[in-house]
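Report on the following structure.
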Amino acid sequence: MSEASADNPDLSDNGLLQRHLDGEESAFAQLVERYQRELFSFLARFTGDAALADDVFQETFLQLYVSAEKFDMSRRLKPWLFAIAANKARDAMRKRSRRRAVPLDASVGSDDDDASYADLMPADIPAPLETLTNLETRQAVQSIVAQLPEGLRVVLVLCYFNSMAYKDIAEVIQAPLGTVKSRLHTAVRTFAEKWKRAVGQSGYD
């Protein structure tokens, strides 16, 4: 997603945050709107729980609102925002570990928005993720992603679903670039192994 806003097409995230700090009431709302779909879709895939993702989304922007004055304007806002979201999601998942996950075909957003998690997935994801052609397969993918350790799951989701650059992922998880690449390699290999077993056992198309 571009960092341009519909209301301020030439204004960066940092520019909007600065306007918020300067007292422009609409600037923060524009930041929320700018990342509403992208950040929520990340949280929905990372947590596997629509209600939890919505809670964490709101908590993330509340944290941004409270901590805005402390943000280093020499940095990019997006990785910092996703780092807040990822940390809050981890905390929330630990607290609500027994909560039932919502399937990938469940509706997200308002009642007027029939988009599903699967609809939020980019079309150019490499195999086996590009095989999301039916409900059974989507649920299988969700289940496998959910089985990955948090450290692997977050880099897989950010890279393959949110198309985030390695250097930005490194900022989000606060780890060296080499660690990001290593974890992503492990995550893809682990996913592929689990996927092959699932295909062999259940015969997904």
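The values are calculated or read from the model by the stated rules, or taken from the named source; none is laboratory data. As the structure is a prediction and not an experimental result, all values here were calculated from the model. Every residue, glycine as well, gets a Cβ built from its backbone with ideal geometry; the counts of neighbours run over all protein chains shown.
Structural remarks
- From Tyr166, Tyr160, residue being aromatic (Phe, Trp, Tyr) and at pLDDT 90 or above: Tyr166
- When Arg197, Arg138 are screened for being assigned to a helix (DSSP H, G or I), crowded, with 19+ Cβ neighbours inside 10 Å and either within 16 Å of the chain's Cα centre (by Cα) or not assigned by TED's automatic domain parsing to the domain that holds Ala89 (or both), only Arg138 passes.
- Flag for Leu77 being surrounded by 12 or more Cβ atoms within 10 Å (Cβ to Cβ), modelled with pLDDT under 90 and not hydroxyl-bearing (Ser, Thr, Tyr): no
- Checking the stated criteria, Leu39 turns out to be crowded, with 18+ Cβ neighbours inside 10 Å and not small (Gly, Ala, Ser).
- Residue in the stretch 121-131 that is surrounded by 13 or more Cβ atoms within 10 Å (Cβ to Cβ), at pLDDT 90 or above and of a type in the set (Ser, Thr, Tyr) present: no
- Close contacts from the stretch 189-202, counting a first residue that is among the basic types (Lys, Arg) and a second that is at pLDDT below 85 and outside any helix (DSSP H, G or I), with Cβ to Cβ under 9 Å and a gap of 6+ residues or different chains, come to Lys196/Pro128.
- Condition check for Ala85: crowded, with 17+ Cβ neighbours inside 10 Å, assigned by TED's automatic domain parsing to the domain that holds Gln36 and in a helix (DSSP H, G or I): yes
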